1. Counting only residues 5 or more places away or on other chains, whose amide H sits under 5 Å from the amide H of residue 63 once H atoms are built in the peptide plane?
2. First select every other residue whose beta carbon is under 12 angstrom from the beta carbon of residue 156; then total the charges, Lys and Arg +1, Asp and Glu -1.
3. Students often check this: by mean Cβ neighbours within 10 Å, which of 266-276, 138-148, 209-219 ranks highest, and how do the rest follow?
4. With contacts defined as alpha carbon pairs under 8 Å and 6 or more residues apart, what's the relative contact order of the stretch 60-182 in percent?
5. Only Lys, Arg, Asp and Glu count, each charged at its Cβ (+1, +1, -1, -1), so figure out the dipole size of the stretch 87-176 about its Cα centre, rounded to 20 debye.
6. Considering the chain as a Gaussian network with a 10 Å cut-off on Cα pairs, which listed residue, 230, 163, 262, attains the greatest mean-square fluctuation?
7. Can you classify the stretch 180-313 as rounded, prolate or oblate using the Cα gyration tensor, where a ≥ b ≥ c are the square roots of its eigenvalues, rounded means a/c under 1.5, and otherwise it's prolate if a/b beats b/c and oblate if not?
8. Sequence-distant or interchain residues sharing an amide H contact under 5 Å with residue 172, placed H: which?
Amino acid sequence: MKNFISAADAPDMNSLVQRALDYKSEPLRDKNLGTGKRMGLLFLNPSMRTRLSTQIAAQNLGMDCIVFNVGQDGWSLEFEDEAIMSGSTVEHVRDAAPILGKYFDILGIRTFPSLQNKVDDYNELYIQQFIKYSGIPIVSLESATLHPLQSLSDIITIRETFKEKRRPKIVLTWAPHVKALPQCVANSFSQWVNAWGEADFVITHPEDYELDHAFTNGASVTLDQSEALKWADFVYIKNWSTYNDYGRIYCNDPKWMMTNEKLLLTNSAKIMHCLPVRRNVEVSDEILDGANSIVTRQAENRVWAAQAVLSEILRK
Ligand code: CP
């Protein structure tokens, strides 16, 4: 594994999941694998889970880890090629990334989409510039269109939770929100579940919230949430803004919020969310605090997902 930016970087997903579960049962089994290596974690946007879980994972493998908040502590970066830098950006990624490539052995980067320029966002302009100019392995800590460490953690959580000898039914449902959010988590979850290929996968959302087919291909898509939820084993709840008419909020119907009443339609489904979550907007208190919620386990598994990925990179 050279870089980790999408499901394509994990062709043997089940062995990566197993590696993560092995770390979960014995966190320090490879405590010297990264001795003498240094990881940089660059945040252009806020984070709690990704930041801390990746630091812990790197430390469990014996790596030094330095966190740098580009947005707050560093110079504002320019990403456009041939930009005339007479505006607010101070340093071009062409100049910054090679330096970071000398300081670190692996670089993790969090960059959200603009939700203004669909072409740049869906070409992954920011993370691709770091791949191009840093010369070292790049790990996505959430990019413009995907959140692969989250999705790996989600698959790990499903694998360790579902014990029946049949394919689980997994439903990804859109939920209301107060802000226009990226499509990353929904794209990424869809991409990973489809690539995994071991579940019946249904996506449900209101009209106008279709996701990019490049990620959803293989899933059944319906505008009828009640129909989708029937006999679900897992319900993944997430808001996203519109993809076609990019970055907007159309319908924000509170009826799409997940509640205990809707849980009755399911096969007593486990409830998933990447967090942070807007309580009583996306998901009701009763659901989040109820016995079916596995959101804390998902977040816990972020450590083992990151550790499995970093160990793959360190072994190469
Ligand atoms: N789920 C997730 O990525 O959380 P953070 O934004 O806190 O890292």
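Every read-out reported here was derived from the displayed coordinates using simple, explicitly stated rules and does not represent laboratory data. The structure presented is a predicted model; accordingly, all values stated were derived computationally and were not measured. Quick reminder, even Gly has a Cβ in these numbers, built from the backbone with ideal geometry, and neighbours come from all protein chains shown.
1. For residue 63, whose amide H was placed from the backbone, the distant partners under 5 Å are 34.
2. Numbers: positive: 19, 24, 159, 297, 302; negative: 22, 154, 160, 300.
Charge balance in the 12 Å sphere: +1.
3. Working: 266-276: 19.5, 138-148: 25.8, 209-219: 17.4.
Taking the mean over residues of other Cβ atoms within 10 Å, the ranking is 138-148, 266-276, 209-219.
4. Working: 112 pairs, mean separation 24.7, N = 123.
Result for the stretch 60-182 is 20 percent.
5. On the way: 11 positive and 10 negative charges, 117 e Å.
Computed charge dipole of the stretch 87-176: roughly 560 debye.
6. Result for the chain, Cα springs under 10 Å: 163 fluctuates most.
7. Numbers: a/c = 1.41, a/b = 1.11, b/c = 1.27.
Note, shape of the stretch 180-313 comes out rounded.
8. 202, 203, 204, 236
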